[in-house]
Every structure is written in C-alpha cells, then in structure tokens.
Amino acid sequence: MSRCLPGLVLVVCSLSGAFAAAAVSQAISLPDADGKEQVLGACTRCHGVDIIVAQPRSPDQWAEVVSIMVGQGAVLSDDEYSKIVAYLSANLAVEPPAQN
C-alpha cells in the first residue's frame, strides 16, 4: 500500500495543477471587439487565453502566428483568419516605445 502512495500523490498534484492552470486561463479575459468570438472559438481549442495575451505581437507577427497554428491543424475559413488576425493586431499588439 505504501508503494502506491507516491504515485497517487503525483497524480493528485498533477490534476490539481491542471485545474489551477485552467482556472487562471479562464480568469484572463480578452477585450470585447469584433473578432473576439472567432479567437475564443478557434484559438482556445488548443490553449488558454493566457497563452494568447502573454506575448503581444506586431500585426505581421500575429499573421505569422495564426498561419503557423493553421499549419498545425487549426481549421479556419479565410474570413475567420482575417478576423482573428485583425482582432489580435488591434487588441493585443506590442506597445510602441515611449517617446521622451
């Protein structure tokens, strides 16, 4: 019986970590704007919102990232692709450097 305990502890800790990560992901929200539903519908099938907002990018970088996701299996129509790239570019873009 004592041999099983470490394995059980590992499983319980792994599951609680996964639930905590899911809760954090759900607590982060995307700005309300045209294209949000497409982002939530397509992008969060594979990863949480936290991954999307973690690294702001330029419009060209967002287009590249979304293209990579399509190459990895994300299924998007041309319209969905355009809306997602436009949404991410407008709402999750890198901040321009501060002017002195």
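The values are calculated or read from the model by the stated rules, or taken from the named source; none is laboratory data. As the structure is a prediction and not an experimental result, all values here were calculated from the model. Positions of Cβ are generated from backbone atoms using ideal geometry, with glycine treated the same way; all protein chains shown enter the neighbour counts.
In segment 81-92, the residues that are among the hydrophobic types (A, V, I, L, M, F, W, C) and buried (at least 19 other Cβ atoms within 10 Å of the Cβ) form Cβ pairs under 6 Å with partners that are part of a helix (DSSP H, G or I) and at pLDDT 95 or above, at six or more places apart or across chains, as follows: I84/Q38; I84/V39; I84/V66; V85/W62; V85/A63; V85/V66; L88/W62.
Against the test of being out of contact with any His (no Cβ under 9 Å at 6 or more places or on another chain) and assigned to a loop (DSSP other than H, G, I, E, B), the options E95, E64 yield a single qualifying residue, E95. Checking each residue in segment 54-80 for being free of Cβ contacts under 8 Å to residues at least 40 places away in the same chain and of a type in the set (D, E, K, R) picks out R57, D60, E64, D78, D79.
When segment 28-57 is examined, which residues are found to be part of a helix (DSSP H, G or I), within 9 Å of the chain's Cα centre (by Cα) and of a type outside the set (A, V, I, L, M)? Within segment 28-57, C43, D50 qualify. Within segment 59-76, the residues that satisfy the criterion of being under 22 Å from D32 (Cβ atoms) and surrounded by fewer than 18 Cβ atoms within 10 Å (Cβ to Cβ) are P59, V65.
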